[in-house]
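What follows is calculated from the coordinates using simple rules that are stated; it is not laboratory data. Bear in mind that the values here come from a model prediction, so they are computed numbers and not experimental data. A quick note on method: Cβ atoms are made from the backbone with ideal geometry, for glycine too, and the neighbour counts reach across all protein chains shown.
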Amino acid sequence: MDTNVLANLLFPHVTLTPEDMEQRFPTRNLPEGAVISRMAPSPTGFVHLGNLVQGLTSERMCHQSGGLLFLRVEDTDAKREVPGAVQTLIEGLRHYNINFDEGATIDGDAGNYGPYRQRQRVEIYHVYAKQLVLQGEAYPCFCTEEELADIHARQEAEKANFGYFGKWAVWRDRSIEEIKAELDKGTPYVLRFRSTGSIENKIKFTDLIKGNLELTENDIDHVLLKSDGIPTYHFAHAVDDHLMRTTHVVRGDEWLPTLPFHLQLFRSLGFKPPKYLHIGPLMKMDGESKRKLSKRKDPELALTYYRAAGFPVQSVYEYLMTVLNSNFEDWRRANPDADVDAFKFSHKKMNPAGSLFDEAKLRDVSKNVISRMSADRVYDEVCAFAKDYDLDLYRHLTAAPDYSKAILAIGRGGKKPRKDFAVWTDVKPYLDFFFDDWFQITDTYPENFAKSDIKAALEKFKATYDPADDSNLWFDKIKAVADELGFASDMKAYRENPTAFGGSVADVSMFLRVAVTGRLNSPDMYAVMQILGKDRVMARIDAMLATL
RNA sequence: GGCCCGUUAGUCAAGCGGCUAAGACGUCGCCCUCUCACGGCGAAGGCAUGGGUUCGAUUCCCGUACGGGUCACCA
């Protein structure tokens with residue numbers, strides 16, 4: 001067959017050539033070793049952990065190598081497109097420190113290698129589609145959906161491999177006349193790749209994460225252009241990543257099975273393939289077994305889930321880093337205050353297998369992250385969270401910012417900061433007793449203490465409490481109260497001979513704690529009283545006394 | 001079913017032919033000038049399995065099992 005005739009029949013409007021494209025999108029002028037990579041999501045409006053894992057890897061590799069990261073919107077499937085998705089995506093990723101140097105923006109494009117939305121690149125794809133037809137490596141296929149389903153059914157019956165190949169590839173070797181006849185009728189068609197591969201052959205391939213792989217050649221005549229003229233992912237991937245001069249493709253390892261096809265495409269098009277990093281999936285426990293996190297079943301896959309659950313952005317970010325680069329945790333311990341950007345990310349530290357998503361670990365990372373924040377920062381973040389998810393908390397905090405910050409500053413800073421919060425929803429139960437309208441007695445005294453002792457302790461403390469005292473003097477006074485009651489003021493002595501005393505200074509403290517905070521547990525009582533102020537402390541003790 | 005990837009404790013993981021097989025989370029126990037939160041110390045717990053190669057295999061090769069992925073005009 002004269003491929004020239006076919007090419008002009010299918011693409012009469014295409015006058016540009018691959019050479020024109022090369023000139024329009026020249027090789028980028030970047031230093032040796034600079035990584036050029038991209039995020040190429042479809043605009044479904046659903047930003048998930050998988051996106052973030054991939055994006056983080058790309059972003060780190062690009063920006064640590066002096067390269068650049070761009071955003072390309074894979075909107076070739078119009079059915080899945082959600083309005084506003086690009087904005088959601090860009091903003092979501094920006095939260096996580098993923099910023100693009102180039103590519104699609106909320107309302108357009110930025111950069112010289114665009115357009116960055118695939119549906120706007122149709123004429124570019126057609127240049128190469130025509131080229132492949134000319135080379136005899138692509139042909140039209142007029143099969144209907146039903147015919148393809150029938151082929152699949154017959155393959156199933158014959159226990160044959162699935163797919164459009166070999167004898168099943170019914171349009172592969174039709175005459176130009178037959179093709180023209182269908183074209184004249186206006187029958188819709190797709191453009192297929194004419195694969196010369198065989199499943200008898202293996203190809204060797206080195207993935208930057210998985211290492212050396214041995215894959216079976218592709219023998220399927222995959223679709224290049226859909227019947228609406230829009231390319232499939234595969235074809236767009238080859239054309240775009242070549243023209244946009246991508247050096248590294250980071251993607252989920254669900255793409256591994258189609259990699260041989262992609263490699264074929266690059267070769268047929270005369271492109272040098274990029275380096276690939278195929279990341280294992282994030283899994284979760286489902287009963288007894290693991291499985292890949294799924295969009296439909298697992299709400300925790302969505303980034304919005306973590307925001308609603310109250311995880312700081314930085315916590316999710318650092319958790320993901322620990323999953324991606326196993327030495328991140330060690331680095332963080334050694335550099336607790338360093339900016340995360342200072343960590344040297346390496347694809348060599350990435351695990352070839354999938355990882356189980358571990359919320360307990362996330363919580364631990366988060367506690368550490370939050371413990372390193374200043375009180376002001378915590379205040380700001382909690383307010384931002386509460387504004388959307390807990391208005392009551394928001395109002396309390398914003399009505400008394402200095403008071404709130406003082407509370408949040410307890411045990412913060414220093415070498416061994418408190419780690420009370422993993423998520424922002426932990427904040428309210430931690431500090432609610434500081435606010436009079438929330439304060440209530442939730443814990444009660446153990447039965448084995450006489451009310452008279454409790455009463456005496458509270459009264460004695462009241463008589464001597466002076467907020468001007470430093471913490472040592474404050475505590476000495478409590479010890480004195482203990483002594484007067486016949487309680488041990490020295491814990492060591494008490495532990496050695498508990499029966500010799502009515503109780504200990506710890507118990508006296510507990511009497512005060514319940515009266516003042518309403519609970520058996522609280523942060524340091526000295527700090528608590530300092531923040532509450534003498535009036536509140538006295539009022540609460542009086543209220544407790546009234547019940548005894 | 002075909003093809004592919006993976007497999008070190010409950011989880012995340014170091015390890016890259018010779019080690020009593022790191023560390024972290026979780027669990028449990030003990031300690032720590034008032035509880036809690038920290039912090040410290042300690043414990044339980046592991047190289048899926050069978051063959052090779054080798055003086056020697058967690059490490060290399062093959063099989064098996066198990067887990068995962070993929071076989072669309074979705075990405």
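Apply the Karplus curve 6.51 cos²θ - 1.76 cosθ + 1.60, θ = phi - 60°, to the phi angles in region A:206-215 and return the couplings in whole Hz, x for Gly and Pro.
So the J values, rounded to whole Hz, are 10, 9, 5, 9, 7, x, 6, 10, 10, 10.
Hand me the tally of lysine pairs in region A:451-547: alpha carbons under 23 angstrom apart, and the pair either on different chains or 8 or more positions apart.
Lysine pairs, 8 or more places apart or on different chains, close enough: 17.
Is it possible to state the helix-based mean residue ellipticity at 222 nm for chain A, with each DSSP H run of 4+ residues giving -39500 (n - 2.57), the sum divided by total residues, to the nearest 500 deg cm²/dmol? What is it?
-13500 deg cm²/dmol
Could you give the length gained on full extension between A:Leu208 and A:Lys185, defined as 0.36 nm per residue of separation minus the Cα-Cα distance, in nm?
Here the answer is 3.4 nm.
How tilted is helix A:471-485 with respect to the longest principal axis of chain A? Cα atoms for both, answer in degrees (0 to 90, nearest 10).
The helix A:471-485 is inclined about 50 degrees to chain A.
If one computes the Cα centroid of region A:111-151 and of region A:152-183, what distance in Å separates the two points?
Going from one Cα centre to the other spans 18 Å.
Want the number for A:Leu520 to A:Val122: 0.36 nm per residue separation, take away the alpha-carbon distance, what's left?
Additional length available on full extension: 136.5 nm.
By how many nm would the segment from A:Asp228 to A:Asn448 lengthen if fully extended, with 0.36 nm per residue of separation less the alpha-carbon distance?
Value of the extension gain: 71.0 nm.
Kindly state, to the nearest 0.05, the FRET efficiency for A:Leu548 paired with A:Ala500, given R0 = 25 Å and r defined as their beta-carbon distance.
0.45
Which percent, nearest 5, of DSSP beta bridges in region A:211-302 are antiparallel?
Within region A:211-302, antiparallel bridges account for around 50 percent of the total.
Which of A:Leu49, A:Leu225 has the fewest other C-beta atoms within 10 Å, and how do the rest follow up to the most?
A:Leu49, A:Leu225
Once both labels are modelled 7 Å past Cα along the beta-carbon direction, what's the A:Leu256-A:Asp490 spacing in nm?
Between A:Leu256 and A:Asp490, the simple spin-label model gives 6.8 nm.
For region A:83-100 and region A:487-522, what is the centre-to-centre distance using only Cα atoms, to the nearest Å?
Here the two parts' Cα centres lie 54 Å apart.
Would you list, by chain and number, the lysines whose Cα falls below 21 Å from the Cα of A:Lys167, excluding same-chain residues fewer than 8 positions away?
In chain and number order, the partners are A:Lys159.
Only Cα pairs under 8 Å and at least 6 apart count here; give the relative contact order of chain A as a rounded whole percent.
11
Points 7 angstrom from Cα along the Cβ direction at A:Ala153 and A:Asp337: gap in nanometres?
Each label point is offset 7 Å from its Cα along the Cβ direction, giving 7.2 nm.
Taking θ as phi - 60°, what are the ³J(HN,Hα) couplings along region A:352-361 by the Karplus curve (6.51, -1.76, 1.60), each to the nearest whole Hz, with x for Gly and Pro?
Using θ = phi - 60°, the values come out as x, 8, x, 10, 7, 6, 10, 5, 4, 5 Hz.
If you fit an axis through the alpha-carbon atoms of helix A:85-95 and take the longest principal axis of the Cα set of chain A, what angle between them do you get, 0 to 90°, nearest 10?
The angle comes out at about 50 degrees.
On a C-alpha basis, how far is the centre of region A:236-261 from the centre of region A:295-315 in Å? Whole number, if you could?
28
Count the net charge of all other residues whose Cβ sits under 12 Å from the Cβ of A:Val53, scoring Lys and Arg as +1 and Asp and Glu as -1.
Overall, the nearby charge balance is 0.
With viscosity set to 1.002 mPa s and temperature to 20 °C, compute the Stokes-Einstein D of region A:375-434, Rh being the Kirkwood radius across alpha carbon pairs; µm²/s, no decimals.
My calculation gives 185 µm²/s for D.
If each residue's Cβ is checked for other Cβ atoms within 10 Å, how do A:Asp388, A:Asp426 rank with the fewest at the top?
Taking fewest neighbouring Cβ atoms as first place, the list is A:Asp388, A:Asp426.
Mind giving me the FRET efficiency for A:Leu9 and A:Asp107? R0 is 41 Å, r the Cβ-Cβ distance, nearest 0.05 is fine.
With a Förster radius of 41 Å, E is 0.60.
Taking chain A as the reference, fit the longest principal axis to its C-alpha atoms, fit the long axis of helix A:259-269 to the helix C-alpha atoms, and give the angle between the two in degrees, 0 to 90, nearest 10.
50
With 10 Å bins from zero, work out the P(r) of chain A over every alpha carbon pair and list the percent per bin.
3, 14, 19, 18, 13, 10, 8, 6, 5, 2, 0, 0
Each residue of region A:102-119 in order: what ³J(HN,Hα) in whole Hz does its phi give by Karplus 6.51 cos²θ - 1.76 cosθ + 1.60, θ = phi - 60°, with x for Gly and Pro?
6, x, 5, 10, 4, 10, x, 9, 9, x, 9, 10, x, x, 9, 10, 4, 5
Ranked highest first by the average count of other Cβ atoms within 10 Å around their residues, in what order do A:370-379, A:204-213 fall?
A:370-379, A:204-213
Counting only other residues whose beta carbon sits under 14 Å from that of A:Lys79, what net charge do I get with K and R as +1, D and E as -1?
-2
Considering only the other residues whose Cβ falls under 15 Å of the Cβ of A:Leu408, what net charge follows from Lys and Arg at +1 and Asp and Glu at -1?
0
Determine, from the Cβ-Cβ distance of A:Phe271 and A:Ala308 and an R0 of 60 Å, the FRET efficiency 1/(1 + (r/R0)^6), rounded to the nearest 0.05.
0.90
Need the list of aspartates and glutamates near A:Lys415 for cross-linking: C-alpha distance under 12 angstrom, and skip anything on the same chain fewer than eight residues off.
Here the aspartates and glutamates satisfying the reach criterion relative to A:Lys415 are A:Asp337.
Going Cα to Cα from A:Lys348, which lysines come in below 18 Å? Please leave out same-chain ones fewer than 8 positions away.
Correct list for A:Lys348: A:Lys210, A:Lys275.
What does DSSP give for chain A in terms of the percent of beta bridges that are antiparallel, rounded to the nearest 5?
60
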